[in-house]
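Single-structure report; data block below.
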Amino acid sequence: MSEKITKVFNVTARAVIAVFFTFLVGVLTMAALTGTTGLEIISEGCGVDTVVQRIRDKFESVIYYNDDILANFIWLAAFMAIALLIVKLSKKLDEKKFPLWLEIGLLCSWTVVWGFIWVHTSQLSPTEDSLTVLNASLDAVKDKYTTMTDIRYFQYYRFQLGYVFFNEVLIRAAQVFGEVKTLLFLQDISVVMLSSSYAALLLSANRIFKDRRIIHVMAVLLAITMQPVLTCSFLYGLVPGLAFAIWAVYCEIVMIQSSTWKGKIISGVLAALFVSLSVMIKSNNLIVLVAMVIYAVIYMFSDKKQLVCVAAAIVSIIGCVALPNIVANSYENRAGKELGDSIPFVSWFALGMNEADNAPGWYNYGSTMSNFENSNFDADVAAERSVEEIKGRLKVFKKSPQYRNDFFYKKYVSMWNETSYESIWNNQVRAQYKEKTGLAKWVCGKGEARVKHFMDLLAQFVFVGTLASVVYCVKKKNTLGLFPALITIGGMLYHLLAEAKSQYAVPYYVWMTAFAAVGIVFMADKLLPIIQGKKAEPAVESAPAENESREEKKAPVKSVKSKRMKRKK
């Protein structure tokens, strides 16, 4: 009975994930091949306001460009040709000649080296929200709390206190080695954490698919993906939160596949710890928590030991709710002042359904801070007003379907098809400790157009690869392999309804980049034999999870034995 329930859960999960992911990423892929969203710096007095296009005199200017479709397809073919060569060559690299630990070490070393170069040539210093958060961390180290108590920022955005605490711990640790003069070391730590998350992605792929070609392609894709590394210089919790989230998912995969109580318990505890830290640093990682809980439910009936998955899911939920509150209450006690209510969660959905100066559903003051202020800082009253605002917007959407479709389409592509994901923009418009030099000077200056074009072309290839990955995982009944797809769906749906901003896409793009490797190898298995004029080879086989039916694994062996017996007779 339990096997039947598990099978139903697996089939249902694969079908739902495949349908949603194919639709969402399919739309994104078509949009990427026909156009690009740009995030440009418009100088004062150079803005345009016409029926055709609206560009305001402001820093964060979202512009929708049309692409050369034929050129995009040619470049897509070129990327695929390079990928086919990598897949073909990777067959010659066996485990003895090129062990997994060496490949992980090379990828991490590469990421750290060029990440450090980027951080120290960019010389980016905290600005605006980032500055407020880091000033609070620096004050807390000195047992001063004026940043928290004298301005209303942390009353509006209470969820930022988790990142304040994370930075406080790191700053206190750094002071052991000397005076902290700049916060570049925090950017260096982000680079190291990003490289560690790449290691977790490779380890996860090795456990799920057991195909070194996927590892090789994934390592190359991650090595040439620039946006996450460029984002490390922007201290806003995106990269550290992502790193803990990826390690949490890896630990859950280990927990699901482990055949011993000890293995499941240890990996389950680590998964709960990492996802709790991830949510504490960046509350958007609740999306990862939801995905982890769904996977725990999928496998909970497969055998008795999988009850650990349920327990780990419960502990994870408790940790993700409790830890941010514990940190916030601790700061209130240390400061001797209660911060009071913060902007209610529903207000972010009201914001997401409204127009903004730069793009639909991007940040606007009225739906959040203004609403909260006009509600006399009462979260309940503000929430009621936000609900009414949402109802009003839904009526507008219902009355004008064309406007509704345009609104959500432009909102969607403004975030996901802006393929630099503000990684360059953040390094152009914010304050600096010193003038940019070397790599950062080139990327943010003369090389900007080339770098953005490369990012756009690679993103198109990644989108196509992820679509092929879904086809493969459904075909091979590989539910675990769809983990990144489920997380990406969560991010896309959340930001489609709540606040959109292209920098928030960076963590999901990392998941997608790793996931694309599976589809690229799958396509290579189909294309290489055709190119070489040979009979099609079977596509890469995935490694079965430890909890899969052992009878299914043994079935092929029995059939082979029976054939031999017949031959002897």
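The numbers here are math on the coordinates, done by the rules we state, and not lab data. Since we're looking at a predicted model, the values are computed, not measured. Cβ atoms come from the backbone with ideal geometry, glycine included; neighbour counts cover every protein chain shown.
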note = To the nearest 0.05, the calculated FRET efficiency linking Lys97 and Ile531 through their beta-carbon distance, R0 being 22 Å, is 0.30
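With charges only on Cβ, +1 for K and R and -1 for D and E, what is the dipole size of the chain about its Cα centre, in debye, rounded to 20?
Working: 62 positive and 47 negative charges, 797 e Å.
Result for the chain is approximately 3820 debye, rounded to the nearest 20.
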task = In Å and from the alpha-carbon atoms only, list the Rg and Dmax of the range 104-181.
result = 15.4, 47
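Given a cut-off of 19 Å, name the pairs among Lys210/Lys304; Lys142/Lys337; Lys446/Lys501; Lys91/Lys475; Lys181/Lys282; Lys91/Lys210 whose C-alpha atoms lie farther apart than that in the structure shown. Walk me through the numbers before you get to the answer.
Details: Lys210/Lys304 26 Å; Lys142/Lys337 17 Å; Lys446/Lys501 25 Å; Lys91/Lys475 23 Å; Lys181/Lys282 26 Å; Lys91/Lys210 13 Å.
Pairs exceeding 19 Å: Lys210/Lys304; Lys446/Lys501; Lys91/Lys475; Lys181/Lys282.
Can I get the semi-axes of the chain's equivalent ellipsoid? Compute them from the C-alpha gyration tensor as square roots of 5 times the eigenvalues, in angstrom, largest first. Could the numbers behind the result be given before it?
On the way: eigenvalues 313, 166, 130 Å².
The answer is 40, 29, 25 Å, longest axis first.
Charges only on Cβ, +1 for Lys and Arg, -1 for Asp and Glu: so what's the dipole of the range 160-211 about the Cα centre, in debye to the nearest 20? Can you show the working numbers first?
Numbers: 4 positive and 4 negative charges, 31 e Å.
Computed about the Cα centre, the dipole is about 140 debye.
Could I get the Rg over Rh figure for the range 277-373? Both from C-alpha atoms, Rh via Kirkwood, rounded to two places.
Numbers: Rg = 18.2 Å, Rh = 16.3 Å.
Checking Rg against Rh, the ratio lands at 1.12.
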note = In this structure, the FRET efficiency calculated for Lys434 and Val8 from their beta-carbon separation, with R0 = 51 Å, to the nearest 0.05, is 0.30
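In the range 70-162, which GluC sites (Glu not before Pro) fall in coil by DSSP and have 11 or fewer other Cβ atoms within 10 Å? Please list the in-between numbers first.
Working: sites: Glu95, Glu103, Glu128; in loops: Glu95, Glu128.
In loop regions of the range 70-162 (DSSP not H, G, I, E or B), the sparsely surrounded GluC sites (Glu not before Pro) are Glu95, Glu128.
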message = Suppose we keep just the alpha-carbon trace of the range 214-308; what are its Rg and Dmax in angstrom?
response = 15.2, 46
The range 400-484 - Kirkwood radius from inverse mean 1/r over Cα pairs (Å) = 16.1
Chain lengthening between Val19 and Val297 when straightened (0.36 nm per residue, less Cα-Cα) = 98.1 nm
note = Against the 2.2 N^0.38 Å rule of thumb, the C-alpha Rg of the range 325-460 sits at a ratio of 1.43
request  = Using a 10 Å cut-off on Cβ atoms, rank the peptides 248-259, 294-305, 141-152 from the highest mean neighbour count down.
outcome  = 248-259, 294-305, 141-152
task = Set the Förster radius R0 to 56 Å, insert the Cβ-Cβ distance between Ser400 and Lys262 as r into 1/(1 + (r/R0)^6), and round the FRET efficiency to 0.05.
result = 0.40
query = Taking one equal scatterer on every alpha-carbon of the range 335-399, how large is log10 of I(q)/I(0) by Debye at q = 0.17 1/Å?
reply = -0.57
message = Cβ neighbours within 10 Å, averaged per peptide: list 167-175, 412-420 in order, most packed at the top.
response = 412-420, 167-175
